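**Student:** Structure provided below as structure tokens; questions to follow.
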Amino acid sequence: MNTALPDISLSEASPEPSPLRWVGMQGIDLPVVLAEPDCRGALHARADVQVDLPSAHVKGIHMSRLYRLLDAIGGTDALSPADLRKLLQAMVDSHRDCATRNARLRLRFDLLARRPALVSAGLAGWKSYPVRLDALLASGKFNLRAQVTVGYSSTCPCSAALARQLVEQAFLDAFAGRDAMEPDAIAAWLRQHASLATPHSQRSEARVSIDIAADAQTLGLMRLIDRIEHAVGTPVQTAVKRVDEQAFAALNGRNLMFVEDAARRIQAALKDEFADPRIHVRHLESLHPHDAAAWAGPPPENDAT
């Protein structure tokens, strides 16, 4: 059908011949299916696909070839590392006439998971986890890296200590001079005054990336998310009743943490099971107009985040 149509990417040479590191497309809509617990149906992903263009004289690559190869993996079987490697190899093979040697793919999507309430039986809700997959095939070597973002609550240990001191002082002032105090009187005072000072807490997030083995059967995203949430101890909740809200308050009280604590907890939880974990945590401060942040793990090649 296209035999009579011009293709200047092949018939014309570049007026400024030079190799290009990457050429391709960004922001392609694509349905993806994942083999993850409670993940049903296809997810809406956005894909970036590129190949290198080492031939200085070649005017342009074949964008439609990349698009068709990418489209073939959309919304069918659950994606595996082997599928992604096969796709990248096909991208390289489709551009042999451009002397292409390398290809890369980035997928961004939100992974939806059903999460039960802390206490209330039969109560649950959906929770969204932003995910980024980066697959690279360079000189025949395949690398796959996954990044997940997990939300949690953090209560400041320093603020909690200051709040406790104020409550303690108020208690001593209220019962000064008494030789004996009835438990009922103490309990009544605490019900009315124990929250005269409260520590500050805030919604927080952990952005964690790991390497995924080329021969892994699945991406294992929920296993990583579960491990992060267990490490911080206070993942944000979905559906709650009062009893669940109370249980969440208790979790925060047992898991006071600076941003440094959160980063170290996650690092310790991942180091023996996940390859090359890199951690960036942010506490979106309620005391300050700025965030507190910490990083753990080896720095990436471009340590900008």
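The values are calculated or read from the model by the stated rules, or taken from the named source; none is laboratory data. These numbers were taken from a predicted model, which means no experiment stands behind them. Methodologically, a virtual Cβ is constructed for each residue, glycine included, from the backbone with ideal geometry; neighbour enumeration extends over all protein chains shown.
**Student:** Scan region 121-158 residue by residue and report those that are in contact with a Ser or Thr (Cβ under 8 Å, 6 or more places away or on another chain) and under 14 Å from residue 199 (Cβ atoms).
**Tutor:** Once the filter is applied, which keeps residues that are in contact with a Ser or Thr (Cβ under 8 Å, 6 or more places away or on another chain) and under 14 Å from residue 199 (Cβ atoms), region 121-158 yields 153, 154, 155, 156.
**Student:** What are the residues in region 257-278 that are charged (D, E, K, R), within 20 Å of residue 213 (Cα to Cα) and in contact (Cβ under 8 Å) with a residue 24 or more places away in the chain, if any?
**Tutor:** Across region 257-278, the qualifying residues are 273, 276, 278.
**Student:** From 125, 60, 74, grab the single residue that is assigned to a loop (DSSP other than H, G, I, E, B), within 23 Å of the chain's Cα centre (by Cα) and touching a residue at least 12 places away in the same chain (Cβ under 8 Å).
**Tutor:** Within the list 125, 60, 74, the selection yields 74.
**Student:** Do the conditions hold for residue 139, that is, is it surrounded by fewer than 11 Cβ atoms within 10 Å (Cβ to Cβ), hydroxyl-bearing (Ser, Thr, Tyr) and out of contact with any strand residue (DSSP E or B) (no Cβ under 6 Å at 6 or more places or on another chain)? Quick ask: steps written out before the conclusion?
**Tutor:** Values: surrounded by fewer than 11 Cβ atoms within 10 Å (Cβ to Cβ): yes; hydroxyl-bearing (Ser, Thr, Tyr): yes; out of contact with any strand residue (DSSP E or B) (no Cβ under 6 Å at 6 or more places or on another chain): yes.
Considered against the rule, which asks whether it is surrounded by fewer than 11 Cβ atoms within 10 Å (Cβ to Cβ), hydroxyl-bearing (Ser, Thr, Tyr) and out of contact with any strand residue (DSSP E or B) (no Cβ under 6 Å at 6 or more places or on another chain), residue 139 comes out as yes.
**Student:** May I pose another question? With respect to residue 170, is the statement that it is assigned by TED's automatic domain parsing to the domain that holds residue 134, small (Gly, Ala, Ser) and either touching a helix residue (DSSP H, G or I) at 6+ places or on another chain (Cβ under 6 Å) or surrounded by 15 or more Cβ atoms within 10 Å (Cβ to Cβ) (or both) true?
**Tutor:** So residue 170 does not fit the description; no.
**Student:** Output the residues belonging to region 47-57 that are surrounded by 15 or more Cβ atoms within 10 Å (Cβ to Cβ), hydrophobic (A, V, I, L, M, F, W, C) and either free of Cβ contacts under 8 Å to residues at least 60 places away in the same chain or over 14 Å from residue 25 (Cβ atoms) (or both).
**Tutor:** Answer for region 47-57, where residues must be surrounded by 15 or more Cβ atoms within 10 Å (Cβ to Cβ), hydrophobic (A, V, I, L, M, F, W, C) and either free of Cβ contacts under 8 Å to residues at least 60 places away in the same chain or over 14 Å from residue 25 (Cβ atoms) (or both): 49, 51, 53.
**Student:** Residue 88 versus (1) at pLDDT 95 or above; (2) in a helix (DSSP H, G or I); (3) more than 30 Å from residue 275 (Cβ to Cβ): which is the lone unmet condition?
**Tutor:** (3)
**Student:** If you don't mind, another one. Considering only region 210-217, I want to know if a residue exists there that is acidic (Asp, Glu), in the same structural domain as residue 283 (by TED's automatic domain parsing) and without any contact (Cβ under 8 Å) to a residue 60 or more places away in the chain.
**Tutor:** no
**Student:** So which residues in region 97-110 are modelled with pLDDT of 95 or more and outside any loop (DSSP other than H, G, I, E, B), if there are any at all?
**Tutor:** Listed by number, the residues that qualify are 103, 104, 105, 106, 107, 108, 109, 110.
**Student:** Another question, if that's okay. Give region 19-46 a look and list any residue that's assigned to a loop (DSSP other than H, G, I, E, B) and either surrounded by fewer than 17 Cβ atoms within 10 Å (Cβ to Cβ) or among the aromatic types (Phe, Trp, Tyr) (or both), or say none.
**Tutor:** 19, 35, 37, 38, 40, 41, 42
One line per residue, one yes/no per condition, for (1) buried (at least 16 other Cβ atoms within 10 Å of the Cβ); (2) of a type in the set (Ser, Thr, Tyr):
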residue: 204; (1), (2): yes, yes
residue: 217; (1), (2): no, no
residue: 225; (1), (2): yes, no
residue: 229; (1), (2): yes, no
residue: 241; (1), (2): no, no
residue: 259; (1), (2): yes, no
residue: 269; (1), (2): yes, no
